[in-house]
Amino acid sequence: MITFTYAQLMAWLAAFIWPATRLLALFATAPFFNHASIPVMVKVGISLLITIIIAPSLPALPAIGVTTPIGLLILAEQILIGAAIGFTIQIVFTAIEAAADMAGLQMGLGFAQLLTGSTDGSTDVLSRLMNLVSILAFLSIDGHLQVLGTLLDSFYRIPISATPIAALGLHTVAAWGETIFSAGLLLSLPVIIALLIVNLSLGVLNRAAPQIGVFQVGFPLTLSVGLLMLQWMTPNLMPFFARLFSAAMDAVVRVVGGLG
């Protein structure tokens, strides 16, 4: 009869629980993986499958029980590492949605709200469209595979141990958050400038000929100009998204290096 000791069971459990926790934290925060259209059981199943595949090749784990205070601290560190990597990538998609929000507000689409599964809230139709386009662009350059590869590499750069993680990586995530404002403004700037010129022209027209009815003409005009600007910007969106995703992957590398 085959028998197992309590220490052996705890070692096997730790070799499975700690890597799976880091993967699950990534799946809960990273774009595409955290989309509400993907069932939770599918996310959990993929995480467990990847854990089973990579567990034998991971660096040696500390001989600490999962249920001990130090084991729970290690568990919390794995959640923090996976969430930091996923959140760094998510910032780029938040910047794209922020740009679409600013452009849609100027176009007069702020009243057209849709429920979105990624934020459990409402967003305008233009932001929803840009989010779908950015996800498709992310998948077309194998961004999801790059994220998984970076996370698997993090097990060697930040081995699972009782050593506390460094705070430099968290500071890198916070500094990377400024991308929401800089990239979002840069992406929406052509539409905002064009609509600003239109609104200034309508203001002058209203002063010169009040009988025209600027409020009746203004909405279809700003909407048409905004759509034309979006059509003009569309061929340049993919290179812009590719640069953002490349910068995000570089930021992930810095975050992992700062945490290690």
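The values are calculated or read from the model by the stated rules, or taken from the named source; none is laboratory data. Note that this is a predicted model, so its numbers are computed, not measured. Positions of Cβ are backbone-derived with ideal geometry, glycine not excepted, and every protein chain shown enters the neighbour counts.
Condition check ((1) in contact with a Ser or Thr (Cβ under 7 Å, 6 or more places away or on another chain); (2) closer than 17 Å to ASP101 by Cβ; (3) at pLDDT below 80) across all residues:
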site	(1), (2), (3)
ALA167	no, no, no
GLY184	no, yes, no
PRO190	no, yes, no
LEU195	yes, yes, no
GLY218	no, no, yes
LEU223	no, yes, no
LEU230	no, yes, no
MET233	no, yes, no
ALA248	yes, no, no
- Message: Can you find a residue that is assigned to a helix (DSSP H, G or I), closer than 27 Å to ALA167 by Cβ, of a type outside the set (D, E, K, R) and over 13 Å from the mean Cα position of the chain (by Cα) anywhere in region 41-49?
- Response: yes
- Tell me which residues, restricted to region 1-26, are hydroxyl-bearing (Ser, Thr, Tyr) and at pLDDT below 85. THR3, THR5, TYR6
- Look through THR94, THR29 and report the one residue that is closer than 21 Å to LEU259 by Cα, β-branched (Val, Ile, Thr) and modelled with pLDDT of 85 or more. THR29
